[in-house]
Amino acid sequence: MPPPTLPPLAPAPLAVAALYRFVDLPDVASLRDPLEALCAENGITGTLLLAREGINGTVAGSEAAVSRLLAAPRHGPLFDGRLRDLDVKLSRASEPPFGRLKVRVKPEIVTFDHGATHPALAPANPVAPEAWNALLDTPDLLLIDTRNAFEVALGSFPGAVDPGTKRFSDFRTFVDGLDPAAHPRVAMFCTGGIRCEKAGAYMRARGFAQVHTLEGGILRYLETVPEAESRWSGDCFVFDGRIALGPALVERPDHAPETLR
């Protein structure tokens with residue numbers, strides 16, 4: 001996976017990295033403290049979640065600090081090369097989007113079904129952002145927005161089904177109410193790709209034959225696809241102080257924190 005690049009520095013000097021990777025980490029308990037120390041040494045804020053199934057989080061800091069942090073799991077001895085293919089989306093922030101640092105060990109890196117579903121067991125088919133528009137034109141395609149209702153309210157792909165969930169674990173109930181035979185082609189998307197990897201594996205395990213996911217999620221789509229060609233409508237909610245991002249992952253200052261209420 002090629003290294004991500006940041007948009008130009010001005011006028012937002014802080015770098016923000018949204019990252020995840022599903023990979024077996026049986027030694028997860030011993031990884032937390034050194035990872036937290038590395039973040040603290042570099043003045044990094046945000047949240048990193050570690051679990052037996054991998055790593056997930058969003059962090060912020062100076063461009064140099066974020067670069068040093070990302071180099072450690074990819075090439076340093078802490079993870080022994082297991083995070084060489086870490087999925088990272090980079091954007092910028094004009095103000096610190098997080099108040100502090102949290103590094104936690106959890107049962108899952110994205111809460112879904114207590115670890116029963118693992119993407120490697122029944123993987124969905126990832127579709128590159130450049131090919132996503134063509135997929136949307138597929139006849140009889142069931143397009144699903146796997147995010148929660150308050151996220152969907154800010155923006156989505158037109159025609160996408162909103163499952164109306166309050167939390168990601170509710171998505172299982174939505175899927176269990178669908179007939180695989182009635183939906184031979186399914187496409188789904190989420191913010192950065194992590195929820196789709198879980199949701200896609202869950203659907204494949206329940207008999208849905210063709211399940212496609214937007215590789216890198218909405219963030220990579222907004223980063224990659226020119227605005228003139230984009231099918232995205234609205235803004236993309238992010239779980240930090242910026243609230244939402246638009247095309248090219250630019251902050252949307254018109255969104256105030258009241259949006260969350």
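Nothing in this text is a laboratory measurement; each read-out follows from the coordinates by a stated rule. All figures in this text were calculated on a predicted structure; none of them were measured in a lab. Cβ: placed from backbone, ideal geometry, glycine included. Neighbour counts: every protein chain shown.
Below are the figures for this structure:
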item	result
Estimated distance in nm for a label pair at Ala228 and Ala149, the labels positioned 7 Å out from Cα along Cα-to-Cβ	4.0
Size of charge dipole - the stretch 103-246 - debye, nearest 20, with Cβ of Lys, Arg +1 and Asp, Glu -1, no other charges	520
The stretch 125-260: C-alpha gyration tensor shape, a/c 1.5 cut-off, then a/b vs b/c	oblate
Selection of trypsin sites (Lys or Arg not before Pro), the stretch 99-151, meeting DSSP coil and at most 16 other Cβ within 10 Å	Arg100
Electrostatic dipole magnitude of the chain [Cβ: Lys, Arg +1; Asp, Glu -1; Cα centre; debye, to 20]	520
Euclidean distance of C-alpha centroids, the stretch 79-99 and the stretch 14-77, integer Å	7
At R0 = 51 Å, FRET efficiency that the Cβ-Cβ distance of Ala182 and Glu41 yields, to 0.05	0.45
J(HN,Hα) series, the stretch 59-64, from Karplus relation 6.51 cos²θ - 1.76 cosθ + 1.60, nearest Hz, glycine and proline x	9, 9, x, 5, 4, 5
Residue of Asp85, Asp137, Asp176 that the Gaussian network model of the chain assigns the largest fluctuation, springs spanning Cα pairs under 10 Å	Asp137
The stretch 182-199-the stretch 210-254 distance, computed between alpha-carbon centres (Å)	16
Angle in degrees between helix 194-205 and the longest Cα principal axis of the chain, rounded to the nearest 10	40
Ordering of 62-74, 188-200 by packing [mean C-beta count within 10 Å, highest first]	188-200, 62-74
In nm, spacing of pseudo-spin labels at Ala134 and Ala248 (7 Å Cα→C-beta vector)	2.7
Choice from Pro77, Pro158, Pro107 showing the highest fluctuation, given a GNM over the chain with Cα pairs closer than 10 Å	Pro77
In range of the label at Asp27: residues from the stretch 102-122 whose backbone nitrogen is under 11 Å from the point 7 Å along Cα→Cβ	none
Among Gly46, Gly177, Gly234: highest mean-square fluctuation, GNM of the chain, C-alpha pairs under 10 Å	Gly177
